[in-house]
Structure formats: C-alpha cells, structure tokens
1. So LYS81 ticks every box in (1) of a type outside the set (A, V, I, L, M); (2) assigned to a loop (DSSP other than H, G, I, E, B); (3) over 17 Å from ASP172 (Cβ atoms) but one. Which box is left unticked?
2. Here's a check for you: in the range 225-256, which residue that is surrounded by fewer than 15 Cβ atoms within 10 Å (Cβ to Cβ) and either at pLDDT 95 or above or basic (Lys, Arg) (or both) is farthest from ARG283 (Cα to Cα)?
3. Residues that are at pLDDT 95 or above, hydroxyl-bearing (Ser, Thr, Tyr) and buried (at least 19 other Cβ atoms within 10 Å of the Cβ): does the range 40-47 have at least one?
4. Does LYS86 satisfy being surrounded by 15 or more Cβ atoms within 10 Å (Cβ to Cβ) and basic (Lys, Arg)?
5. Has the range 67-75 got any residue that is over 25 Å from GLY278 (Cα atoms), modelled with pLDDT of 90 or more, in the same structural domain as VAL30 (by TED's automatic domain parsing) and more than 14 Å from the chain's Cα centre (by Cα)?
6. Would you confirm whether any residue within the range 28-38 is crowded, with 16+ Cβ neighbours inside 10 Å and either over 22 Å from PRO137 (Cα atoms) or of a type in the set (Lys, Arg) (or both)?
7. Quick one: how many residues across the range 48-62 are surrounded by 18 or more Cβ atoms within 10 Å (Cβ to Cβ), out of contact with any helix residue (DSSP H, G or I) (no Cβ under 7 Å at 6 or more places or on another chain) and in a helix (DSSP H, G or I)?
8. What pairs can you find where one residue is in the range 34-52 and free of Cβ contacts under 8 Å to residues at least 24 places away in the same chain, the other is of a type in the set (A, V, I, L, M, F, W, C), and their Cβ atoms are less than 8 Å apart, with a gap of 6+ or different chains?
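The values are calculated or read from the model by the stated rules, or taken from the named source; none is laboratory data. All values derive from a computational prediction rather than experimental measurement. Here Cβ is always computed from backbone atoms with ideal geometry, including for glycine, and neighbour counts include all displayed protein chains.
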Amino acid sequence: MDKDNTRDSVSVQWFPGHMKKALRMIEDSVKLVDIVAELIDARIPLSSRNPALDGIIGSKPRLIILNRCDLADPAVTRLWKESFSKNGLLALETDSKSGKGVGGFSAAVREALREKLERSAEKGVRKTLKCMVVGIPNVGKSTFINKVAKKKAAAVADRPGVTRGKMWISVDSGLDLLDTPGVLWPRFDDPFIGENLAFTGAVRDAVVDTEALASRLMERLGADYPALLASRYKLAETEGKKGWELLQAAARKRGFLASGGEADTERMSAVLLDEFRGGVIGRISLEKPQAQCRAAREEP
C-alpha cells in the first residue's frame, strides 16, 4: 500500500436493499410482543445499535444482549454493563457460539417482565411471553436463538443478511421468540461508526477498501492494544507508527511479499481482518462507555 493512498477514515458505501422492508416488518411486529431483546456486538456496543430501532421500540421493555463477549475486552464489557444498568436497562453477556451466558436469557426476560407476570398470576392467567429479537446483520441473532431454543430453529451463516423473513420459535411453554432480519441504516453519518461495523463484518467486505480498512484497524490496535498487536505479528515497535506502516511491517514478518519484494498488504489485510474477527489477536473492544466515540446519537 502506498502511503499517499491511505486515508484518515474508511468510506463505507452501504446500499441497504431489503433493509427498509425489514424495518417495516419490525414496526408491524413490535405491538405483538411483550419485550424486545436487542443483540449488540460487545466489541462495539454503540456502533452496533441501530438508532432507527429506538423510535420503533419506543417504551416497550428492552433487554440488551452483549453478544460475542468472548471476543471483547472483559474489563470494558463490565463497564458497558454498568453503563446500561445506570440507564435502567438490563444487560446480559453472551457468546452465542459456545452458549456462554445464554442459559440466563429466559430468566432475564422474566425478571424484566416480573410485574406483568405477577399481574397475570393474580388473575389466574398463565401467560406465554413473546419476545422479539432484533439487531444489526451478522451480530449472531440466529445462532443465539438456536442456543436459547436448544435446537436448530433459525438460519445461520457467517455473513450479514441471512435471515430475511419473520420466524416464531418456541423456547419453552412460557416463552416464544420472534426472529427478525438484521437491519442497518441507510447512511453512516459518522465514519467512526462505519469503520467499526466494517471491522466486525457487519457490512460486506465487498463495499469497502479492505487495505484502507486494515490500515485503520492496525492504527487503532497500535494505539489501544499495542502489546497484543506486537505479540501476534512479531512487531518490534508500534508506538507512533501509522497504520499503513504497521500493515507493511506485519506483511513482511509473515513473509507476504509481492513481485519485486514489496509487502503484499492485500493479503495481509485479509489475514488481519479475519484474525481480528475470530479473536485470534486477543480480546479487544473498540468502544468504551466513557469515551466520546464521535457518535451522533446519545449513549445508551
């Protein structure tokens, strides 16, 4: 990658296609449920919350699911749970792939709706709770639902945009889940948010410049997690280095060379993004609750 071609931020051009239809479906369905479970990526809790959902969900009870907690910095995740709690939102840490934390979901739903259940019990009514599961693409909703239901009930794939329709799944005799498609918003006004979503694979790699994206990720990891970065890619020095310099250095350490002995940053970019998304580099959080993430919406 040539230094002159690097950019301060990554441009994410996202064309939502079916997203508008999915939002309408969620809006039509929210009145049918008792509570909404919002799955967010524990590595980017702000950036992975679709601001359009707030207006749709309104005052409906909500449970925040900090999914992929196994990939996030545990100390930062604890801070996020405290932040949500201070704002009156119950938050649950989960790893939908291994099932960690998923066992507490049904109990958390019932706790959030305890008063409603008590009122029903006083009337002698045994109520079946209905919970809608929402979140951005590729945040692990279908895997999460399958773990909760203890069966393969929802379509699963490691790419955004798999679930396209509305599906009801029975968890037990007292809880039904409504799976919904992952929904992004049409435009990312803040490039920081677009970057975070691209880093974690919430938008397809085909719509971004992967070398520019990897360069930005290198720069941010070098600033926030220098020891993890240096250890993984055998880098002697990370302090004060630009992202493109770190990307080139890592490519050379891995022996990724193009014709003429140039560092093959295209290959290194693919490896970096894959290893970050898989947690190979280490447990990393890209947003902290006390940080000003330049987001154009209020913190939760």
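1. For LYS81, the exception is condition (2).
2. By that ranking, first place goes to GLY255.
3. no
4. On the way: surrounded by 15 or more Cβ atoms within 10 Å (Cβ to Cβ): no; basic (Lys, Arg): yes.
Spelling it out, it is not the case that LYS86 is surrounded by 15 or more Cβ atoms within 10 Å (Cβ to Cβ) and basic (Lys, Arg).
5. No, that holds for no residue.
6. Let us first name the residues in the range 28-38 that are crowded, with 16+ Cβ neighbours inside 10 Å, namely 29-30, 33-38.
The next check asks that each one be either over 22 Å from PRO137 (Cα atoms) or of a type in the set (Lys, Arg) (or both); those that pass are 34.
Within the range 28-38, one or more residues are crowded, with 16+ Cβ neighbours inside 10 Å and either over 22 Å from PRO137 (Cα atoms) or of a type in the set (Lys, Arg) (or both).
7. The number of residues fulfilling the criteria is 1.
8. Final answer for the pair search is none.
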